[in-house]
1. Per 0.36 nm of contour for each residue apart, how much would the distance between residue 161 and residue 216 grow if the chain were fully extended, relative to their Cα-Cα spacing?
2. Below 8 Å between Cα atoms, with a sequence gap of 6+, how large is the relative contact order for the chain in percent?
3. Say R0 is 35 Å: what FRET efficiency, to the nearest 0.05, do residue 73 and residue 208 get from their beta-carbon distance?
4. For segment 156-240, what does the relative contact order come out to in percent, with C-alpha contacts under 8 Å and a separation of six or more?
5. What's the center-to-center distance, using Cα atoms, between segment 166-214 and segment 54-87 in Å?
6. Suppose we keep just the DSSP beta bridges with both residues in the chain; what percent of those would be antiparallel, to 5?
């Protein structure tokens, strides 16, 4: 039973992160550029395996040989992280033993960063770096964050309803209509395009509408998410003019 809610947002590692001149990482879901950013997957502790796909694009003018290295930045003890590239490796393997050749301008769809919660909850961050023939100076990375809850999304789906944000596009104020059960905690969070939280609203059980003042936010694309009991259950785009 699939209980995974996809939440994809781009978070910059650092302004000092080295940018690849030859490689780009794309989100397999929507083909957006997530180079040196973060893909977030929200799932349930009872999932067997959570698979996160990413595409690697050769932006250079020549064929290149691409390798993969895994960095376990943070992991819930007892869970497992592993990846597939030229083949699928065990959780104890951190580097691919072979490369994949990518022609100039081509995109390869072989990568998968997989995670086994093993019945455990918590947040794990695994970074994967793609590099050319051991040339670490020409590389690109993507961090995959696995946010595993002890409660599945299907377990709380009857406890809430929420509309899309309106108006959208918006200029100064945006509204959300919702219903939420008396024993459920909910909040609406708005993020900018680099993943910084810019607004948070706590839902009122005695109300059915939330109002967000966005007049101080810069024009551009944002993401908003609705959390119920700490689980992100809905995420959509918001355009501010």
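Read-outs throughout are calculated quantities, based only on the coordinates presented, and are distinct from any laboratory measurement. This one's a predicted model, so the numbers in the text were calculated from it and none came from an experiment. Methodologically, a virtual Cβ is constructed for each residue, glycine included, from the backbone with ideal geometry; neighbour enumeration extends over all protein chains shown.
1. Using 0.36 nm per residue and subtracting the Cα-Cα distance, I get 17.0 nm.
2. So the answer I get is 20 percent.
3. 0.30
4. 32
5. Cα centroid to Cα centroid, the span is 36 Å.
6. The answer is about 90 percent antiparallel.
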